[in-house]
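A short write-up of the structure that comes next.
The values are calculated or read from the model by the stated rules, or taken from the named source; none is laboratory data. Note that this is a predicted model, so its numbers are computed, not measured. So basically every Cβ, Gly included, is an ideal-geometry build from the backbone, and we count neighbours across all protein chains shown.
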Amino acid sequence: MPFGIRFKKRTTPPTISPENAIPVVLVSHENLRNKIQLIKHIREASGLGLKDAKDLADQLTAGHHPTVPCLSEDHALHLIDDAAQLGVTAKHADI
């Protein structure tokens, strides 16, 4: 197809079931540098939509401790590390 447009396959975002979600709690936001980046990292780690990720970030800035359901242990560790770089304290939830 030399002159045609090639479209990428649409992929559906991964779904999280309660059995395989790895919970990460956002604990503190004392030095939050960039809320938009935090929302982006929450979306990447959890597969949540924009509104749900923004709601979690808003809960954090309102003084609550929201729990992010991560797709895997690797996603959870990346979220904890990325959040720390933004000035947010995050940790694995005690189940």
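Go through the range 83-95 and give me each residue that's of a type in the set (A, V, I, L, M, F, W, C), in a loop (DSSP other than H, G, I, E, B) and free of Cβ contacts under 8 Å to residues at least 24 places away in the same chain. Even if it seems obvious, please write down each step before you answer.
First pass over the range 83-95, keeping only residues of a type in the set (A, V, I, L, M, F, W, C): 83-84, 86, 88, 90, 93, 95.
Still in the list and also in a loop (DSSP other than H, G, I, E, B): 86, 88, 93, 95.
Answer for the range 83-95, where residues must be of a type in the set (A, V, I, L, M, F, W, C), in a loop (DSSP other than H, G, I, E, B) and free of Cβ contacts under 8 Å to residues at least 24 places away in the same chain: there is none.
Yes/no matrix, rows are residues, columns are (1) assigned to a helix (DSSP H, G or I); (2) in contact with a strand residue (DSSP E or B) (Cβ under 6 Å, 6 or more places away or on another chain):
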| position | (1), (2) |
| --- | --- |
| L38 | yes, no |
| A45 | yes, yes |
| L48 | no, no |
| K51 | yes, no |
| D81 | yes, no |
Starting from the range 52-72, take each residue that is over 17 Å from T89 (Cα atoms) and list its partners that are not aliphatic (A, V, I, L, M), counting only C-beta distances under 7 angstrom and pairs at least six apart or across chains.
L71/P14; L71/S46; L71/G47
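Going by the conditions given, is I16 in contact with a Lys or Arg (Cβ under 7 Å, 6 or more places away or on another chain) and either surrounded by 11 or more Cβ atoms within 10 Å (Cβ to Cβ) or at pLDDT 90 or above (or both)? Working first, answer last.
On the way: in contact with a Lys or Arg (Cβ under 7 Å, 6 or more places away or on another chain): no; either surrounded by 11 or more Cβ atoms within 10 Å (Cβ to Cβ) or at pLDDT 90 or above (or both): yes.
No; evaluated as a whole, the condition is false for this residue.
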Residues of the range 81-95 that turn out to be under 13 Å from T67 (Cβ atoms) and in contact with a helix residue (DSSP H, G or I) (Cβ under 6 Å, 6 or more places away or on another chain), as a count:
1
